[in-house]
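Here's the structure we're looking at; comments come further down.
Only the coordinates and a few stated rules stand behind these numbers; no lab work does. Because the structure is predicted, anything quoted here is derived from the model rather than measured. Methodologically, a virtual Cβ is constructed for each residue, glycine included, from the backbone with ideal geometry; neighbour enumeration extends over all protein chains shown.
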Amino acid sequence: MQPTIFLVLGATGGTGRHFTARALADGHRVRALVRTPGKLAPHDRLDILQGSITDPIDVDALVTGVDQVVVMLGDKQAQQQATINTAFVRRLVPAMRRHGVKRFLYQAGGLSRPYGGRLSLPLWIIRNTLARSFIGQHRDNEAVMAYLATEASDLNWMVHRAGIFSDGSSKGVLRRSATKFSVATFRDCADYNYRLLDDAAAVHTADFSAYS
Ligand SMILES: NC(=O)c1ccc[n+]([C@@H]2O[C@H](COP(=O)([O-])OP(=O)(O)OC[C@H]3O[C@@H](n4cnc5c(N)ncnc54)[C@H](OP(=O)(O)O)[C@@H]3O)[C@@H](O)[C@H]2O)c1
């Protein structure tokens, strides 16, 4: 990958901190908007901006000079009340257009329904039983996917509908799949996201990832 400037949302989260560490280790620059800067170790190629996506932040300043935008955001409680990710993405995408930033990766969950698609019966049952407390997060992720599909086809967006279970070590290499779904580690999901950004065939997809 060419030296790249990533704007990372969710850099302090389960997936985001592995993604950020990987990008920095590979010589790239990361700009991160975080609520608590102390959660991130300083690095000379890491630019930390303090703020919340629910603040009236200057989205133009956020995307200026950036090559790629990676969103790995989640706040289960806040998303129970409002689609905060969608509201933020709706502000971010026009700013990306204004600054010529085309590539956008959004991590949703495997239990979030892709736009125009449906969940298999087993996943639908899990979503509405065991994972019922995440319903706000799924609704928000689904609203983001609908927005991208219907109002942002000019961007090279891609959605990873991840399945995550633990923060353990790597269990293998995840590959994109329309049908197979693995319960993976945060590290493997982050590595997958990192590779997906370079996969032209992934543009305008909202697939699962599965261990090969
Ligand atoms: N965890 C899972 O089991 C799982 C499974 C499948 C899919 N997913 C999906 O993957 C995505 C990311 O999940 P994750 O588990 O990697 O993340 P996570 O560990 O839940 O962390 C969420 C990240 O979002 C940040 N964030 C939340 N609200 C914010 C706000 N208002 N302003 C700025 N930053 C904010 C958090 O910052 P703070 O550090 O300040 O809290 C944190 O960095 C979500 O869409 C989720 O649905 C998760």
For helix 14-25, report the angle its Cα long axis makes with the longest principal axis of the Cα atoms of the chain; keep it between 0 and 90° and round to the nearest 10°.
40 degrees
Candidates D60, D44, D26; GNM for the chain (alpha-carbon contacts under 10 Å) flags as most fluctuating D44
Connecting every pair of Cα atoms under 10 Å apart in the chain and solving the GNM, the largest mean-square fluctuation among H18, H99, H43 falls on H43
Only Lys, Arg, Asp and Glu count, each charged at its Cβ (+1, +1, -1, -1), so figure out the dipole size of region 5-211 about its Cα centre, rounded to 20 debye.
460 debye
Ranked list, fewest to most other Cβ atoms within 10 Å of each Cβ, for S212, S170
S212, S170
Zone of Q2's modelled label, taken as backbone nitrogen in region 169-212 under 13 Å from a point 7 Å along Cα→Cβ:
none
5 Å is the cut-off here: which amide hydrogens, built 1.01 Å from N in the peptide plane, fall below it relative to S177, excluding neighbours closer than 5 in sequence?
F208, S209, A210
So how tilted is helix 84-98 from the main axis of the chain? Cα-based, degrees 0 to 90, rounded to 10.
50 degrees
Just to be sure I understand: of the beta bridges DSSP finds with both ends in the chain, what percent are antiparallel, rounded to 5?
10 percent
With label points built 7 Å along Cα→Cβ from the Cα atoms of Y115 and R91, find their separation and express it in nm.
2.1 nm
Whole-Hz Karplus ³J(HN,Hα) for region 45-56, in order, using 6.51 cos²θ - 1.76 cosθ + 1.60 and θ = phi - 60°, x for Gly and Pro?
10, 10, 9, 9, 10, 8, x, 10, 5, 8, 7, x
Per residue of region 101-106, in order, report the coupling 6.51 cos²θ - 1.76 cosθ + 1.60 (Karplus, θ = phi - 60°) as ³J(HN,Hα) in whole Hz, putting x for Gly and Pro.
8, 9, 9, 9, 10, 10
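For region 5-211, how big is Rg over Rh, using alpha carbon atoms and the Kirkwood form of Rh?
Ratio of gyration radius to Kirkwood radius: 0.93.
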With axes computed from alpha carbons, what is the tilt in degrees of helix 135-151 against the longest principal axis of the chain, rounded to the nearest 10 within 0 to 90?
70 degrees
What is region 10-50 by shape, rounded, prolate or oblate, if you read a ≥ b ≥ c off the alpha carbon gyration tensor as root eigenvalues and call it rounded for a/c under 1.5, prolate for a/b larger than b/c, and oblate otherwise?
oblate
Residue-ordered couplings for region 162-174, obtained by feeding phi - 60° into the Karplus form 6.51 cos²θ - 1.76 cosθ + 1.60 and rounding to whole Hz (Gly and Pro as x), are 7, x, 10, 10, 8, 9, x, 6, 4, 10, x, 9, 7
